[in-house]
Amino acid sequence: MNIAANPVVENNDTVYLKDYKKPTFLVESIHLDLKVYDDHAVVDSTLVLQRQTAGDLVLLGRDLELKSIRLNGELLSETEYQLDAEQLRLSNLPDQASIQTQVIIHPESNTQLEGLYQAGNLFVTQNEPEGFRKITFYPDRPDVLSVFTTRVEADKKYPVLLANGNLLETGEVDENRHFAIWQDPTKKPAYLFACVIGDLAVLKDRYTTSEGRDVALEIYAVEKDIPKCHIAMEALKHSMRWDEEHYGRPYDLDNYMIVAVSQFNMGAMENKGLNIFNTSCVLADEEYTTDAAIMRVQSVIAHEYFHNWTGNRITCRDWFQLCLKEGLTVFRDQSFSEDLQSAAVQRIDDVAVLKAHQFPEDAGPLSHPPRPDHFVEINNFYTATVYEKGAEINRMMATLLGKEKFRQGTDEYFNRYDGQAVTVEDWVDALTAGSGVDLSNFLTWYNQPGTPKLQVTAEYDAQKQSYRLNLSQSLKEHPKYPNLKAVPIPVALALFNAKTGEQLTLHSDALFVNAVKDGVYLFDQDTASIEFSGVTEQPVVSLLRNFSAPVNLEFDYSDDELAFLIQYETNGFNQWQAAQTLLERVLLKDHSVEPYIQALQKTIPDLVQHDPLLASRLFDVPTEGYLGSRIDHDYQPEVIQTKRNAVLNTLATALGSFWKDTYLSLDPTLQSEFSQAMGERALKNITLAMLARQGDEHAFELAHQQYQTTQNMTERLGALRVLVWNDAPQAAQALQDFYQRYKDEALSLDQWFMVQAANPNATEASIRALTQHPDYDLGTPNRIRSVSGGLSNNPVNAWSFGVEHYLELAKYLDQKNPILGSRLLQVLSRWYTLAEPQRSHVQNALKALQPLVKSKNVTETLSSMLSV
Ligand code: B3K
Ligand code: ZN
């Protein structure tokens, strides 16, 4: 691919990091008064301003109907300010001033789910990154921190009136209306402001911090969902304790509230003391939601809670620094989840996401550095690169420093910058100062795009008894970033005795700069070699253990060595990685699947007993989508599908009675540990699917029986999937039954849509039937995603009739909900890898969409996608 061929047109809307300027005024305090009515809302705000630098006061505002503006109490006429669609500008202000504005907004018709919007019977806010300007005129940028006092007024049919901080006062306005006044003592940027108005029930608990603060914990949801909030509440308390123990960070307010809303563009939002969550990331219950969803709830609860220190108390100077708070917070929630379940499996799942989403993103037209240096629409940069690669950068530094020094570094960061809005440089500086280890060259990772290739070769010298590894790194050229530099790559490694499988103790001599320390070699040059002495026999090396760096490793393993690592590696992640590498060769390079099967036969029976969760992951056959992302030219989804099915069929046959014996031997209900039970359920579903693939005459009966008798959603859905995807005689009735059981449970019903959309045998007509179903709803992102996400499970379908589906959605959402529209369109970002004629077909369709879309979000994404 030649990215230079059609450079993206940067226009007047482009914002550059290099242009950053301090705000002219800071806001000492803001009083906000929101009155919500059925057909509009009135917002009065009073800002107390303090000049910081020379220049005009710029208040940002979008879709606001300005009713009045006062300067120090005096009403201003239209000649005294400049107003356009994006801002309100005032010149020649004194150094201290108070500005009062009154605006009208329309939450009831806000379909963009940004700013203040109505979702069913509930009014909620979403202000990150730039939603606050849709509520009132304000210097809506993260380096303006202020004390917020909020008065919320609404009809009494909405008994719950919430905002950030402490409740100061409640009262009646008249017979029909009431109000509440909240004050948040902590200074915060406007993107962390939140309010909620509605009719909700609440689950309450308490938590005492390590400092002895008694915190009231509250989770708000609709009445019938309250029983599904207990797992989230436990995860919240667990997160609070974990942050005290691992980072020394206790909570700082007297209350912590979480509100669940069913219409939400993403997972959740970390508003100070008042998180707003997609129901899919709060509600967790084995009967209604899957194990994967339960794990996600726990990790998102932790993520938003951890933002209280990494994001809220220390925030970003500007939106280019987004990965400062997101990369660090994702790293923290991943570490938390590693402690919660099996660390190896958590790492496997996190790396699988990284490789399936971030690697392809970074290899294609949407590639950008974790800290971008320009953007048109910042909402387009809440990407896998900012989040997941950002997390990997932090993980690399943590790996290199070790626990103790990393903690000294983070302590320094919190001590230095509490209450401030900072940059990625500040973070790396503090880590360096606190740990005493210079990490400044890690900044290169933040500023460059692309996944480095790490090439390693090995030489064994029997006479000298030495084993030598030669390393080199490279990055694909990028026209916008001409001076790509070598990055520091921590390479965690181990050597194994090839005969016994035992791990060897390492003695290394570094030929150039660094030595192997605690099993980690820091490779920070273009090339380097390390030599191990006293190696009496040719060993098997295991590289990049635990995925110690986000790079593409190239090492010339033999298939037998990979099979060896599946069997003997003690790092569960690298066991899985060896299996993945081997299977990728089988699927993309026509290697034999035999070594993998043999390794499984030796490894699995024991693992099924002791670590069913890890065992389940060793059966992962790379998805068609992932395999497609490994192909850069002439990609034919059908070819991949055929090969993958053939391998699965071989596996089904080769392991013979293992599948049924294992299926019948598992009983997750006997497991007291959640992760053991989860592992057994995963295995049950895998073995059941394999039985069906074998054509076992009882497979469908077993599936139907599992469907009917279980009380657990993971099992029910696993069985339903086997029936539906194999067109079993029981499929239609089971689908009907599922619908009847769960038609009033939105999250479960999402799964009903998803299972059908993800059916490999789905057709244009079956997908259309789903999108025309009375329960399909274009106003609810979760429902849209259940169909679009399901469809993308099968690249053959996604790249044929799916193209039209995604384009139609992008066109519709361009105005209604551009954040979501832009996101969904990205499913097609690898169009340029397709074989002809599909490639031209999709390219033409994307070009035809260009003149039809208007939002910055979709326009920027489309233009980048077409820039290859
Ligand atoms: N910080 C929010 C993301 C906001 C996305 C805006 N499009 C959720 C999170 O990362 O915790
Ligand atoms: Zn976050």
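Total residues in region 112-128 satisfying the condition of being in a loop (DSSP other than H, G, I, E, B), within 15 Å of ligand 1 (Cβ to nearest atom) and touching a Lys or Arg at 6+ places or on another chain (Cβ under 9 Å): the figure is 3.
Which is touching a helix residue (DSSP H, G or I) at 6+ places or on another chain (Cβ under 7 Å) and not small (Gly, Ala, Ser), of PRO774, PRO781?
Details: PRO774 fails: touching a helix residue (DSSP H, G or I) at 6+ places or on another chain (Cβ under 7 Å).
None of the other options fit; the residue is PRO781.
Cβ-Cβ distances below 8 Å connect the following pairs, each with a first residue in region 347-369 that is among the hydroxyl-bearing types (Ser, Thr, Tyr), a second residue that is in a loop (DSSP other than H, G, I, E, B) and crowded, with 22+ Cβ neighbours inside 10 Å, and a separation of six or more residues or different chains: SER367/PRO449. Considering (1) free of Cβ contacts under 8 Å to residues at least 40 places away in the same chain; (2) within 30 Å of LYS684 (Cβ to Cβ), the lone condition that GLN298 does not fulfil carries the number (1). Residues of region 336-350 that are buried (at least 22 other Cβ atoms within 10 Å of the Cβ) and closer than 24 Å to ASN552 by Cβ: VAL345, GLN346, ARG347, ILE348, ASP350.
Considering only strands (runs of 3 or more DSSP E) fully contained in region 129-177, which possess at least 3 residues that are within 29 Å of ALA421 (Cα to Cα)? So the answer is 146-155, 166-172. Inspect region 561-576 for any residue being under 19 Å from LEU454 (Cβ atoms), touching a residue at least 24 places away in the same chain (Cβ under 8 Å) and among the β-branched types (Val, Ile, Thr) and give the result as yes or no. The answer is no, given that none of the residues of region 561-576 is under 19 Å from LEU454 (Cβ atoms), touching a residue at least 24 places away in the same chain (Cβ under 8 Å) and among the β-branched types (Val, Ile, Thr).
When the residues of region 524-573 are filtered to those that are at pLDDT below 95 and touching a His at 6+ places or on another chain (Cβ under 7 Å), the one that is surrounded by the most Cβ atoms within 10 Å (Cβ to Cβ) is PHE532.
LEU683 passes every criterion in (1) without any contact (Cβ under 8 Å) to a residue 60 or more places away in the chain; (2) outside any loop (DSSP other than H, G, I, E, B) apart from (1).
Out of all the residues in region 254-272, which are more than 16 Å from ligand 2 (Cβ to nearest atom) and part of a loop (DSSP other than H, G, I, E, B)? Outline the logic, then answer.
Keep residues of region 254-272 that are more than 16 Å from ligand 2 (Cβ to nearest atom), which gives 254-257, 259-263.
Correct list: ASP254, SER262, GLN263.
Looking only at region 325-350, which residues are more than 11 Å from ligand 2 (Cβ to nearest atom), aliphatic (A, V, I, L, M) and at pLDDT 95 or above? Once the filter is applied, which keeps residues that are more than 11 Å from ligand 2 (Cβ to nearest atom), aliphatic (A, V, I, L, M) and at pLDDT 95 or above, region 325-350 yields ALA343, ALA344, VAL345, ILE348.
You will find that of ARG741, ARG693, ARG768, ARG716, the residue that is crowded, with 22+ Cβ neighbours inside 10 Å and on the phi < 0 side of the Ramachandran plot is ARG716 and no other. None of LEU747, LEU691 is part of a helix (DSSP H, G or I) and more than 20 Å from LEU651 (Cβ to Cβ) except LEU747.
Just to be sure, is LEU192 away from ligand 1 (no atom under 16 Å from the Cβ) and in contact with a strand residue (DSSP E or B) (Cβ under 9 Å, 6 or more places away or on another chain)?
On the way: away from ligand 1 (no atom under 16 Å from the Cβ): no; in contact with a strand residue (DSSP E or B) (Cβ under 9 Å, 6 or more places away or on another chain): yes.
Criteria not met by LEU192.
A single member of LEU484, LEU493 is assigned by TED's automatic domain parsing to the domain that holds THR527 and closer than 23 Å to GLU561 by Cβ, and it is LEU493. In region 452-483, of all residues being touching a residue at least 60 places away in the same chain (Cβ under 8 Å) and among the small types (Gly, Ala, Ser), the one that is surrounded by the fewest Cβ atoms within 10 Å (Cβ to Cβ) corresponds to ALA462.
Residues of region 274-290 that are buried (at least 24 other Cβ atoms within 10 Å of the Cβ), more than 16 Å from ligand 1 (Cβ to nearest atom) and touching a residue at least 60 places away in the same chain (Cβ under 8 Å): LEU283, THR289.
Every condition in (1) at pLDDT below 95; (2) surrounded by 18 or more Cβ atoms within 10 Å (Cβ to Cβ); (3) of a type in the set (Asp, Glu) holds for ASP509 except the one numbered (2). Against the test of being in a loop (DSSP other than H, G, I, E, B) and either farther than 16 Å from VAL487 by Cα or not hydrophobic (A, V, I, L, M, F, W, C) (or both), the options GLY450, GLY402 yield a single qualifying residue, GLY450. Every condition in (1) part of a helix (DSSP H, G or I); (2) farther than 30 Å from ASN12 by Cα; (3) in contact with a Ser or Thr (Cβ under 8 Å, 6 or more places away or on another chain) is met by ASP438 except one, and the failing one is (1). Looking at THR150, THR125, THR101, THR136, just one residue is buried (at least 22 other Cβ atoms within 10 Å of the Cβ) and either among the small types (Gly, Ala, Ser) or in contact with a His (Cβ under 9 Å, 6 or more places away or on another chain) (or both), and that residue is THR150. Being in contact with a Cys (Cβ under 7 Å, 6 or more places away or on another chain) and either at pLDDT 95 or above or loosely packed, with under 14 Cβ neighbours inside 10 Å (or both) holds for only one residue in LEU49, LEU34, and it is LEU34.
Checked against the criterion of being in a helix (DSSP H, G or I) and either of a type in the set (Asp, Glu) or within 15 Å of ligand 2 (Cβ to nearest atom) (or both), the candidates ILE301, ILE276 yield just one match: ILE301.
Reported count of residues in region 130-181, each being among the hydrophobic types (A, V, I, L, M, F, W, C) and more than 30 Å from LEU322 (Cβ to Cβ), is 9. Residues of region 529-581 that are among the hydroxyl-bearing types (Ser, Thr, Tyr) and closer than 20 Å to ASN497 by Cβ: SER533, THR536, SER542, TYR557, SER558, TYR568, THR570.
What about VAL353, is it β-branched (Val, Ile, Thr), within 15 Å of ligand 1 (Cβ to nearest atom) and not assigned by TED's automatic domain parsing to the domain that holds GLU130? Give the steps one after another, and end with the answer.
Values: β-branched (Val, Ile, Thr): yes; within 15 Å of ligand 1 (Cβ to nearest atom): yes; not assigned by TED's automatic domain parsing to the domain that holds GLU130: yes.
Yes: the conditions hold for VAL353.
Within region 112-133, residues that are at positive phi sit with their Cβ atoms under 8 Å from residues that are assigned to a loop (DSSP other than H, G, I, E, B) and within 16 Å of ligand 2 (Cβ to nearest atom), at 6+ positions apart or across chains, in these pairs: LEU113/PHE264; LEU113/ASN265; GLY115/ASN127; GLY115/GLY131. Scanning region 430-451 for residues that are in contact with a Leu (Cβ under 7 Å, 6 or more places away or on another chain) and free of Cβ contacts under 8 Å to residues at least 40 places away in the same chain returns LEU431, THR432, SER435, VAL437.
For LYS854, the criteria (1) surrounded by fewer than 17 Cβ atoms within 10 Å (Cβ to Cβ); (2) assigned to a helix (DSSP H, G or I) hold in every case but one, which is (2).
The values are calculated or read from the model by the stated rules, or taken from the named source; none is laboratory data. Since this is a predicted model, take the numbers as computed values, not measurements. Cβ sites come from the backbone with ideal geometry, for glycine too, and all protein chains shown count toward neighbours.
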